[in-house]
1. Longer than 24 Å from Cα to Cα, which of Lys3/Lys48; Lys31/Lys92; Lys71/Lys107; Lys3/Lys49 are they? Say none if no pair is.
2. Could you calculate the contour length gain from Glu45 to Leu108, that is, 0.36 nm times the residue separation minus the distance between their Cα atoms, to one decimal place in nm?
3. About the Cα centre of the chain, how large is the charge dipole given +1 on each Lys and Arg Cβ and -1 on each Asp and Glu Cβ? Please answer in debye to the nearest 20.
4. Between Asp122 and Lys92, 0.36 nm times their residue separation minus their Cα-Cα distance comes to what?
5. Could you give the angle, 0 to 90 degrees to the nearest 10, between helix 107-124's Cα long axis and the longest principal axis of the Cα atoms of the chain?
6. Tell me which label goes with the value of Cα extents along the principal axes in Å computed from the coordinates here: (1) 49, 26, 21; (2) 55, 40, 20; (3) 40, 32, 27.
7. Ranking request for peptides 65-74, 45-54: highest mean number of other beta-carbon atoms within 10 Å first, then the rest in descending order.
8. Quick one: which residues, 5+ away or cross-chain, put their amide H under 5 Å from the amide H of Ala75? H built at 1.01 Å from N.
Amino acid sequence: MTKYITYLRVSTSKQALGIDAQRALVSAHIKEHGGELHAEFIEKESGKKVTDEDRPQLHLAIQMAKYEGCKILVAKVDRLARDLHFITSLMKEDVPVSVAGREEMSKLEWHLMGMIAEHEADLIS
């Protein structure tokens with residue numbers, strides 16, 4: 001049984017995909033895959049900021065995933081980060097991450113979705 005760590009993030013309180021909506025998506029994914037919720041981390045911060053200081057909850061989730069054999073689950077790629085370099089660094093470090101509705105994504109899919117998320121951040125700025 002896969003143990004999941006959910007990571008939920010909003011940039012502002014006005015965000016369309018709020019915490020409750022993200023939680024519903026990841027919960028449905030866990031149920032569909034017969035998994036177990038191990039921990040939940042929530043953050044209110046920009047997706048472009050990815051340092052330990054800017055996103056402490058994300059970095060705690062990453063450490064927990066590495067050391068406790070869990071998989072990080074996010075509602076959408078842009079909830080993880082809007083920084084392609086950061087996303088690819090997680091791939092290189094073999095940090096197990098899934099997106100709700102997409103248990104496994106290829107390296108190409110991660111790169112494409114990461115590029116789109118970063119491009120959206122540029123448009124928003």
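1. Beyond 24 Å between Cα atoms: Lys3/Lys48; Lys31/Lys92; Lys3/Lys49.
2. 20.0 nm
3. Dipole magnitude for the chain comes out near 180 debye.
4. Contour length minus Cα-Cα distance gives 8.4 nm.
5. Compared with the principal axis, the helix lies near 40 degrees.
6. (3)
7. 65-74, 45-54
8. Under 5 Å from the amide H of Ala75 lie the amide H atoms of Ala100, each far enough along the sequence or on another chain.
The values are calculated or read from the model by the stated rules, or taken from the named source; none is laboratory data. Note that the structure is predicted; figures quoted are calculated from it, not measured. A quick note on method: Cβ atoms are made from the backbone with ideal geometry, for glycine too, and the neighbour counts reach across all protein chains shown. With ligands, DNA and RNA removed, areas are computed over all heavy atoms of the protein, side chains included. Shrake-Rupley method; radii C 1.70, N 1.55, O 1.52, S 1.80 Å.
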